[in-house]
There are 2 protein chains.
Amino acid sequence: MNSFIIKGDICYSADKDDLLTFEDSYAVCEDGVCRGVFREIPDRYKGLNVYDHSGMLVIPGMVDLHTHAPQYAYRGLGMDHELLDWLELYAFPEEAKYADQVYADKAYGIFADAVKHSATTRAVIFGTLHREATELLMDKLEQTGIVSYVGKVNMDRNSSDSLIETAADSLKETERFILETADKYKNTHPIITPRFVPSCTDELMEGLGKLCEKYDIPVQSHLSENPSEVEWVKELCPWAESYGAAYDRFGLFGNHAKTVMAHCVYSPDDEIELMKRNGVFIAHCPASNMNVASGIAPVRRYLDEEMNIGLGSDVAGGQTLSIFTAMVEALQVSRLYWRLVDDSKKPLSVPEAFYMATRGGGEFFGKVGAFEDGYEFDAVVIDDSLLPHPQELSLKERLERTIYLGGDIRALKAKFCKGIKIA
Amino acid sequence: MNSFIIKGDICYSADKDDLLTFEDSYAVCEDGVCRGVFREIPDRYKGLNVYDHSGMLVIPGMVDLHTHAPQYAYRGLGMDHELLDWLELYAFPEEAKYADQVYADKAYGIFADAVKHSATTRAVIFGTLHREATELLMDKLEQTGIVSYVGKVNMDRNSSDSLIETAADSLKETERFILETADKYKNTHPIITPRFVPSCTDELMEGLGKLCEKYDIPVQSHLSENPSEVEWVKELCPWAESYGAAYDRFGLFGNHAKTVMAHCVYSPDDEIELMKRNGVFIAHCPASNMNVASGIAPVRRYLDEEMNIGLGSDVAGGQTLSIFTAMVEALQVSRLYWRLVDDSKKPLSVPEAFYMATRGGGEFFGKVGAFEDGYEFDAVVIDDSLLPHPQELSLKERLERTIYLGGDIRALKAKFCKGIKIA
């Protein structure tokens, strides 16, 4: 059923520094699993249907390790404050609207449509604290064909009256959310989602840690994004050696299940060590690093230390769902980091940005983000002829240019997830 | 002939802090000149043709104060070096190709087509040192309908053998360029273009200053972009108090004619004073500030001190001609400037970015960049319904979102320059 071949100009990351390019070649998908890239179709696959995308780029689907579905409604608005004020002024009031299923239906419909037409095939997504609306979001995401983890958000302190739960209600609703969604979908899965330490009492965190262990559910949250936030966590959790340790104490830091933490701009050494020990994934979100004036995450260090790292769009701290834009911004801020923060930290390369957007983030989902034998077959086909040029360009240069100028959704010609054509 | 009315949701800057919005209103153009924006059509204009763009945004055309036409061919490529290496490795080899009119015809055709389909109505543009190719570029730009200044570049030192002139040849060719183009076009004008101080001997600079005075031709160049470049200028011109003073000595710093200097990332106080005294325009180019790792220009200071400032795409230091992208990047880097460089310098606001992109840069061209009575009528019409939303948005919010997400050229529905519909 899900066996076919895509012909085109194929690129993927063998490793973080090693971008492989195959002109006019064949990527083979057998039962949803990649069997590799070949210059000629091997005899054993000669009967398979060939999607002929000659002259177009064929790359792994993009992986978005961090985004907020309810905030898509106000993407590109209200970036005139840094994190904590921004949450109060924009994020929380918007998220409160998702108590209303009619609003949620409309807004999540727009979000899911945008996901469907993007180059993203895998995503880790925040909902709101509302269980019903978050399940509606999951219904809609399932229809896009992408694979996602979606969280009902937990928050029982330091929020507005219209967007807060008690610890007991939050845990009850979260357990119900898990029971209702864990086996409901083929591609859409629940994830435990404490908003961030300032939003969750110790009681709530402890309960979430238990749910995580009991149901073997992964975890997403925010970590060390902004200096005021880091200070606040110190005040709230004087017993914690670091912000990360405040998750770790409750088993929410890669202890029981895989965990992704967004940002990690100000992670101290001991927090980084803890992340390495527990295999915590970092979602680097360069757009929101800039938009809410957080600063720049030290990605060169994370890459050099072989940590798990991918990219996040972080809508609406980020203005767009495009992981192409996230790659460009990751490259750009890495150059400012080198110039303005630490000139011993070499700027990122295009292969490194591409690795984070595909294979690096893909590892959160298993064998995802490359066209190697045994990898789940996620692919997007991009017609880069919309970017005319007078000179000859190598395939690597065409990919580089597509990354820098890939914002035009007209260029996306086909999209596959787990070997199913979904756009 | 060029008298008409556009109906739509109209926005323009009254001043750098003051963004005016007029829903469902009428912008009147009489003989190519704006007569203002009205809630109802005044009796005296009732006979004019009305372009009905109800529900769409109507804003001034974008102004690009700094870009390199020959570098468009390698936009989005080779950003892995800082300025001086980048020039040698990428810019100079590409520009050398424009000795060949066949290549120039092809490449400048692609550039002009991109300009035509952009939201830009005014631009200040570098060619190469080749007079013929630069005149070909001007022929093509004239056909786009936008108003532009275009420079044959001057460079007689510190370049490769394939991209260098003698001072005498450079001056002779520049004078011929001025004589051949100054009255040839309606909308396309010559501008004197010393590449930057490291590329021009004192002899060449002195001759260019004389041409500037003799023919009353404006000037464009680069200023204080990168620390190594600034140091190099100190070595090359030990007699100059600042990089800017090295232009000033030869009358190329707003002394005889209006002048625009790109970047000004590292301008010291005395250079800034000189710029203020001479009314020099600053082209702020945030993309290349990041891409070639220059650092971040102190734009808050320039705005607070009421200097002349607009935005530049700086292709191919910048990856795109889009001035929408330049606005977003200007906002983003201003937040990093506040966080990482000087927290006394408040980040830019959306109205300030919009001002620079329209009225601020427009001043280089005269009364350009606003829908006030007496301004030349430049306008673009943007269909922002491509950005769906579940909630009500104010016109100011729609504009803000369009700036952040305005990259989609499908949204551009019409474009007018000096009262002529050009797209």
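The values are calculated or read from the model by the stated rules, or taken from the named source; none is laboratory data. Computed from a predicted structure; not experimentally measured. Counting neighbours? That spans all protein chains shown, and the Cβs are built from the backbone with ideal geometry, glycine included. Heavy atoms of the whole protein, side chains included, go into the accessibility calculation; ligands, DNA and RNA do not. Shrake-Rupley method; radii C 1.70, N 1.55, O 1.52, S 1.80 Å.
Before rounding to the nearest 500, sum -39500 (n - 2.57) across all DSSP H runs of length at least 4 in chain B and divide by the residue total; then give [θ] at 222 nm in deg cm²/dmol. Display every interim value, and only then the final one.
Numbers: 14 runs with 137 residues, N = 423.
It comes out at -9500 deg cm²/dmol, rounded to the nearest 500.
Averaging the inverse of every distinct alpha carbon separation and then flipping it gives the Kirkwood radius. What is it for segment A:207-259, in angstrom units? Before the final figure, lay out the partial values.
On the way: mean 1/r = 0.0869 Å⁻¹.
After inverting the pairwise mean of 1/r, the radius is 11.5 Å.
Considering only the protein assembly as shown, what is the antiparallel percent among its DSSP beta bridges, to the nearest 5? Mind showing how you got there, number by number?
On the way: 50 of 118 bridges.
So the antiparallel bridges in the protein assembly as shown amount to around 40 percent.
Along Cα→Cβ at 7 Å, what distances in nm separate the B:Ser162 label point from those on the other copies, shortest first?
Spelled out, the distances from B:Ser162's label point are 6.3 nm.
If the label for A:Asn2 sits 7 angstrom from Cα along the Cα-to-Cβ line, what are its distances to the same label in every other copy, in nm to one decimal, shortest first?
5.9
When Lys and Arg each count +1 and Asp and Glu each count -1, what net charge do the other residues less than 9 Å away from A:Pro60, Cβ to Cβ, add up to? Walk me through the intermediate numbers first.
Numbers: positive: A:Arg359; negative: A:Asp378.
Surrounding charge for A:Pro60 is 0.
Using a 1.4 Å probe on protein heavy atoms only, how many Å² of accessible area do A and B hide from each other, summed over both chains and rounded to 100?
So the buried area, both faces added, is about 4100 Å².
Given C-alpha coordinates of the protein assembly as shown, what is the ratio Rg to Rh with the Kirkwood estimate of Rh?
Result: Rg/Rh = 0.98.
Sort all Cα-Cα distances of segment B:139-267 into consecutive 5 angstrom bins from zero, then give the percent of pairs in each bin up to the one containing the longest distance.
2, 11, 21, 23, 20, 13, 7, 3, 1
Using alpha-carbon pairs under 8 Å, 6+ residues apart, how would you state the relative contact order of segment B:46-186 in percent? The partial results should precede the final answer.
On the way: 171 pairs, mean separation 34.5, N = 141.
The value is 24 percent.
Once you have the Cα-Cα distance between A:Lys396 and A:Glu88, take 0.36 nm times their residue separation minus that, and quote the gain in nm to one decimal.
Working: separation 308, 0.36 × 308 = 110.88 nm, distance 4.36 nm.
Gain on extension, A:Lys396 to A:Glu88, equals 106.5 nm.
Scan segment A:212-285 for chymotrypsin sites (Phe, Trp or Tyr not before Pro) in coil per DSSP, keeping those whose Cβ has at most 12 other Cβ atoms within 10 Å, and list them by number.
Here the chymotrypsin sites (Phe, Trp or Tyr not before Pro) that fit, given the DSSP loop and packing criteria, are A:Trp239.
Going by a 1.4 Å probe on protein heavy atoms, which residues of segment B:274-306 end up with at least 50 Å² less accessible surface in the whole assembly than in their chain alone?
B:Met290, B:Ala293
List the extent of the Cα atoms of segment B:1-147 along each of their three principal axes, largest first, rounded to whole Å.
Here the Cα extents, ordered largest to smallest, are 59, 34, 23 Å.
Quick check on segment B:25-64: take the gyration tensor over C-alpha atoms, sort the square-rooted eigenvalues as a ≥ b ≥ c, and tell me if it's rounded (a/c under 1.5), prolate or oblate.
Oblate shape, in that a/c is at least 1.5 and b/c is the bigger or equal ratio.
How high is the relative contact order of chain B, in percent, with contacts defined as C-alpha pairs under 8 Å that are six or more residues apart?
Relative contact order for chain B comes out at 21 percent.
Just to confirm a number: summing +1 for Lys and Arg and -1 for Asp and Glu over residues other than A:Thr188 whose beta-carbon lies under 15 angstrom from that of A:Thr188, what do you get?
+2
Would you mind classifying segment B:81-144 by shape? Square roots of the alpha carbon gyration tensor eigenvalues, ordered a ≥ b ≥ c; an a/c under 1.5 is rounded, otherwise it is prolate if a/b is larger than b/c and oblate if not.
Oblate.
All other residues with a Cβ under 10 Å from the Cβ of B:Tyr51 taken together, and with Lys, Arg as +1 and Asp, Glu as -1, what is their net charge?
+2
What percentages, rounded to whole numbers, describe P(r) for segment B:62-365 computed over all alpha carbon pairs with 20 Å bin width beginning at zero?
Per 20 Å bin, starting at zero, the Cα-Cα P(r) for segment B:62-365 comes out as 38, 60, 3 percent.
Shape verdict for segment A:288-355, please, from the Cα gyration tensor: rounded (a/c under 1.5), prolate (a/b greater than b/c) or oblate.
oblate
Given label points at 7 Å from Cα along Cα→Cβ, what nm distances, shortest first, separate B:Gly109 from the same residue in every other copy?
Values, ascending and in nm: 4.6.
How much accessible area per residue does chain A have, in Å², with a 1.4 Å probe?
34 Å²
I want to verify the translational diffusion coefficient of segment B:127-195 in µm²/s; compute it with Stokes-Einstein, Rh as the Kirkwood radius over Cα pairs, at 10 °C and 1.306 mPa s.
130 µm²/s
Through the Karplus equation 6.51 cos²θ - 1.76 cosθ + 1.60, θ set to phi - 60°, convert the phi angles of segment B:111-123 into ³J(HN,Hα) values in whole Hz; use x for Gly and Pro.
4, 5, 5, 5, 4, 4, 8, 8, 8, 7, 10, 9, 8
Measuring from centroid to centroid over Cα atoms, what is the spacing of segment A:41-62 and segment B:367-390 in Å?
Between the Cα centres of segment A:41-62 and segment B:367-390 lies a distance of 45 Å.
Scan around B:Ile192 for amide H atoms under 5 Å from its own, H built in the peptide plane at 1.01 Å from N, and keep only partners 5 or more places away or cross-chain.
B:Val219, B:Gln220
Could you name the lysines in cross-link range of A:Lys415, using Cα to Cα under 21 Å and dropping any fewer than eight places away on the same chain?
Correct list for A:Lys415: A:Lys7, A:Lys116, A:Lys140, A:Lys186, A:Lys367, A:Lys396.
Taking accessible area as the heavy-atom solvent-accessible surface of the protein chains with a 1.4 Å probe, which residues of segment B:321-340 lose no less than 30 Å² upon going from the isolated chain to the full protein assembly?
Buried by 30 Å² or more upon assembly, which counts only protein chains, are B:Gln332, B:Arg335, B:Leu336, B:Trp338, B:Arg339, B:Leu340.
Going by Cα centres, segment B:299-364 and segment A:161-198 are how many Å apart?
Between the Cα centres of segment B:299-364 and segment A:161-198 lies a distance of 42 Å.
Carbon-plus-sulfur fraction of the accessible area of segment B:62-365, 1.4 Å probe, in percent?
That fraction is 48 percent.
Quickly work out the B:Leu179-to-B:Ala245 label distance, labels modelled 7 Å from Cα along the C-beta direction, and quote it in nm with one decimal.
Rounded to a tenth, the inter-label distance reads 3.7 nm.
How large are Rg and Dmax for segment A:303-423 when calculated on the C-alpha trace, in angstrom?
Radius of gyration, then largest Cα-Cα span, for segment A:303-423: 15.5, 45 Å.
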